[in-house]
Protein chains: 2
Amino acid sequence: MTDGPDQLAHMKPAEVRKRIREGRLTGPTSGIAAGYMQGNLAILPRSHAGDFMRFCLRNPKSCPVLGVGEPGDPALPSLGVDDIRTDVARYRVFRDGVAGADVSDLNALWRDDLVTFVLGCSFSFESALQRAGITVPHIAAGRNVPMYVTDIPTRAAGPFSGPLVVSMRAFSPADAIRAIVLSERYPLAHGAPVHLGDPARIGIRDIGRPDFGDPPVIAEGQIPVFWACGVTPQMAIGAARPDLAITHKPGFMLVTDMLAESAGV
Amino acid sequence: MTDGPDQLAHMKPAEVRKRIREGRLTGPTSGIAAGYMQGNLAILPRSHAGDFMRFCLRNPKSCPVLGVGEPGDPALPSLGVDDIRTDVARYRVFRDGVAGADVSDLNALWRDDLVTFVLGCSFSFESALQRAGITVPHIAAGRNVPMYVTDIPTRAAGPFSGPLVVSMRAFSPADAIRAIVLSERYPLAHGAPVHLGDPARIGIRDIGRPDFGDPPVIAEGQIPVFWACGVTPQMAIGAARPDLAITHKPGFMLVTDMLAESAGV
């Protein structure tokens, strides 16, 4: 028994997390539980949590904080999450800053000193674009969003530093203007874009070859528009090299109980 | 005795109109009475006023209505204007839709059937850009904004029809994004732009040769951004051919008592 895209779009976040926890929903979360904030995950030892929090506050467009857990506590009540160790479909485990194998739960890895951060995600503003009748190219093509490492530096905090990572969506000029206006209303979902037009100006050499995600969909006459991306903190974790860090696998987000509209301004 | 740009910027609208009325202020109004709405003027016979009002309501980005007078009444109390016949520095007189000589007052032309429309103007959002630290190229160069006739049609109403006219300002990609976000907050000052990037896509053949205003200032790496422009109704008046119509001369606007921020959302 599988659910179609419509059923997944209308599913409540608690039901999504339950199905993930039970291993019945194992794919990317784009388009699931429409209208609710999805989150990027970053779990770090207490020793690094203070610096990471400052890194997020200094880079709010790439790292908008939706929630922070208590040390050792896998629950995030403000986001409706009972157990962060099981409520995401795929986790990425970093040892000394290096990404290793992905895992499907954190039960074997959990420690009493781990602090959970949940950061906003662009999926939320994408649903606002769709409600406004704007076609989001990678969603229409059934792909993951293309993401690129730029030459724009983040603002460092302690050992956390590195380049800004951006996601790209291409639009007609008129839709690009509307996408800018609409996304700006969702500061917790990365807000307005950081760049549009020539990719080389932010250090992207080949727009056809993203560093993360799927190849882009760009029609003739469309303009590429670039938003700060929640993969940015994964680069900073690579620089900081904590003995253990855990994120989601890109595209496999935490589905929260926070309404996307409540993240707007 | 002349006033410098700073004194003109801080002058109250009533003082600006008084000086214009007395023939002591005769130039364009860009940068004058910062923080107050400036308006495009359109004065039409009562026979055409209903259709023109519908034209404005159908084309709100180019023709945002700030105020409408009573037939034959030269005052616009809601905008602080005592006498529209003398409070603008240069008027353009159209006979049967054809622009003739510019005049400096309307005392000899006024009729009991004339209805005054005041439409919003981009000067108001330009001051918001400047407060945000964004350089507006034509202002920095001491020029009038470049304006272009596009191949985008307006929505007709009765005899009023014609192409959309746009104004152009060029910015770095990051400033273009901020300019879009900021201008969208001022729907009575034309709101968000209608186009960015390739001028040919909206029928502009040579961006170096505007149809109205001064040649553009575009630095390397800057993107042209196009806003609906208050010259659009002048084109529609040309199509409608009323026996008499009066507008301002482009750049020589009505300075109103309406605070620019009160025109925001």
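The values are calculated or read from the model by the stated rules, or taken from the named source; none is laboratory data. Every value quoted in this text rests on a predicted model; they were computed, and no experiment measured them. Positions of Cβ are generated from backbone atoms using ideal geometry, with glycine treated the same way; all protein chains shown enter the neighbour counts. Heads up: the accessible areas ignore ligands, DNA and RNA and are worked out on the full protein's heavy atoms, side chains in. Shrake-Rupley method; radii C 1.70, N 1.55, O 1.52, S 1.80 Å.
A few remarks follow.
Per-residue answers, yes or no, for (1) more than 18 Å from the chain's Cα centre (by Cα); (2) away from chain B (no Cβ under 14 Å); (3) touching a residue at least 12 places away in the same chain (Cβ under 8 Å):
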| residue | (1), (2), (3) |
| --- | --- |
| A:Val165 | no, yes, yes |
| A:Ile204 | yes, no, yes |
| A:Gly208 | yes, yes, no |
| A:Thr232 | no, yes, yes |
| A:His248 | no, yes, yes |
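- Failed condition for B:Phe117, given (1) in contact with a Leu (Cβ under 9 Å, 6 or more places away or on another chain); (2) crowded, with 23+ Cβ neighbours inside 10 Å; (3) within 14 Å of another protein chain (Cβ to nearest Cβ): (3)
- Which listed residue, of A:Gly100, A:Gly27, A:Gly31, A:Gly35, is within 19 Å of A:Pro250 (Cβ to Cβ), in contact with a strand residue (DSSP E or B) (Cβ under 7 Å, 6 or more places away or on another chain) and modelled with pLDDT under 95: A:Gly100
- Number of residues in region B:132-156 that are in contact (Cβ under 8 Å) with a residue 60 or more places away in the chain, under 17 Å from the mean Cα position of the chain (by Cα) and part of a loop (DSSP other than H, G, I, E, B): the value is 5.
- Residue in region B:251-262 that is closer than 19 Å to B:Pro28 by Cβ, away from chain A (no Cβ under 14 Å) and touching a Cys at 6+ places or on another chain (Cβ under 8 Å) present: yes
- Subset of region B:62-102 (residues that are open to solvent by 20 Å² or more (accessible area, probe 1.4 Å), among the hydroxyl-bearing types (Ser, Thr, Tyr) and under 18 Å from B:Val231 (Cα atoms)): none
- Residues in region A:145-156 that are open to solvent by less than 40 Å² (accessible area, probe 1.4 Å) and in contact with a Gly (Cβ under 7 Å, 6 or more places away or on another chain): A:Val145, A:Pro146, A:Met147, A:Thr150, A:Thr154.
- Listing of strands (runs of 3 or more DSSP E) fully contained in region A:157-262 that carry 1 or more residues being of a type in the set (A, V, I, L, M), farther than 30 Å from A:Gly80 by Cβ and open to solvent by less than 30 Å² (accessible area, probe 1.4 Å): A:163-171, A:223-228
- Tally, over region A:211-230, of residues that are away from chain B (no Cβ under 14 Å) and acidic (Asp, Glu): 2
- Considered as a group, the residues in region A:167-185 that are hydroxyl-bearing (Ser, Thr, Tyr) and out of contact with any helix residue (DSSP H, G or I) (no Cβ under 6 Å at 6 or more places or on another chain) include one that is nearest to the other protein chains (Cβ to nearest Cβ), and that residue is A:Ser172.
- Yes/no for B:Asp105 being in contact with a strand residue (DSSP E or B) (Cβ under 8 Å, 6 or more places away or on another chain), modelled with pLDDT of 95 or more, surrounded by 15 or more Cβ atoms within 10 Å (Cβ to Cβ) and under 22 Å from B:Ser122 (Cα atoms): no
- Some residue of region B:48-61 being hydrophobic (A, V, I, L, M, F, W, C) and surrounded by fewer than 17 Cβ atoms within 10 Å (Cβ to Cβ): yes
- Test: residue in region B:230-238 that is at pLDDT 95 or above and farther than 22 Å from B:Arg155 by Cα: no
- Test: residue in region B:125-144 that is open to solvent by less than 10 Å² (accessible area, probe 1.4 Å) and among the hydroxyl-bearing types (Ser, Thr, Tyr): no
- Any hit, region A:33-45, residues being open to solvent by 30 Å² or more (accessible area, probe 1.4 Å) and assigned by TED's automatic domain parsing to the domain that holds A:Arg19: yes
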